[in-house]
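In what follows, a single structure is set out as structure tokens and then discussed.
The values are calculated or read from the model by the stated rules, or taken from the named source; none is laboratory data. Model, not experiment: these values are computed from the prediction. Here the Cβ positions follow ideal geometry from the backbone for every residue, glycine too, while neighbour counts run over all protein chains shown. The accessibility values were calculated without ligands, DNA or RNA, using every heavy atom of the protein model including side chains. Shrake-Rupley method; radii C 1.70, N 1.55, O 1.52, S 1.80 Å.
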Amino acid sequence: IIGTPAERRAKNLDNTRVQRLSEIQGAIQNYYGFKGGPGHQQLPTSFDQLITDPNVYIAPDGLIDPVTKQRFEYRVTGTTAYELCATFDTVFSQESKNPITPTTEPASSDQRFYHGVGRVCFPLKVT
């Protein structure tokens with residue numbers, strides 16, 4: 001029921017990808033700012049702007065896929081809209097969630113990053 005060691009490793013690596021994408025999403029929101037608060041009120045044009053902004057924290061490996069060691073993909077698609085893309089080895093959906101393994105993220109954050117196998121781009125927005 002738990003899966004082979006290779007399946008568990010693939011699932012763990014995908015969980016790391018989802019965690020990093022969620023952290024990137026938070027960093028982009030911090031860069032943009034919140035209504036009435038500090039921030040640039042625009043999306044960063046690249047990850048480099050996140051790294052150099054003194055008010056935004058992103059872990060040194062937070063932009064990097066744990067297997068390929070390449071940066072995740074980021075693309076601005078509108079004034080407040082953007083995409084984050086990654087390549088996954090397993091499926092993550094409501095049906096695939098393992099009730100034995102608790103998640104540390106709220107349900108809405110989990111659902112935001114449901115994915116299939118292969119390259120997936122997530123359409124996201126700042127608020």
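Flag: residue 111 matches the condition of being within 17 Å of residue 22 (Cα to Cα), modelled with pLDDT under 95 and exposed (fewer than 14 other Cβ atoms within 10 Å of the Cβ). For the stretch 68-85, the set of residues classified as hydrophobic (A, V, I, L, M, F, W, C), in contact with a Ser or Thr (Cβ under 9 Å, 6 or more places away or on another chain) and loosely packed, with under 14 Cβ neighbours inside 10 Å is empty. Report whether or not residue 56 is of a type in the set (Val, Ile, Thr), open to solvent by less than 80 Å² (accessible area, probe 1.4 Å), in a loop (DSSP other than H, G, I, E, B) and more than 13 Å from residue 23 (Cβ to Cβ). So residue 56 does not fit the description; no. Of the numbered criteria (1) at pLDDT below 95; (2) surrounded by 14 or more Cβ atoms within 10 Å (Cβ to Cβ); (3) at negative phi; (4) not in a helix (DSSP H, G or I), the one residue 39 fails is (3). Of all positions in the stretch 21-33, at least one carries a residue that is within 19 Å of residue 86 (Cα to Cα) and either part of a loop (DSSP other than H, G, I, E, B) or of a type in the set (Ser, Thr, Tyr) (or both). Residue check: is residue 127 open to solvent by 60 Å² or more (accessible area, probe 1.4 Å) and at pLDDT below 95? The answer is yes for residue 127. Taking every residue in the stretch 26-44 that is farther than 17 Å from residue 124 by Cα and pairing it with any residue that is of a type in the set (Gly, Ala, Ser), at least 6 positions away or on another chain, the pairs with Cβ-Cβ distances below 7 Å are 39/33; 40/33. When residue 7 is tested against (1) more than 16 Å from residue 118 (Cα to Cα); (2) open to solvent by 90 Å² or more (accessible area, probe 1.4 Å), just one condition goes unmet, and that condition is (1).
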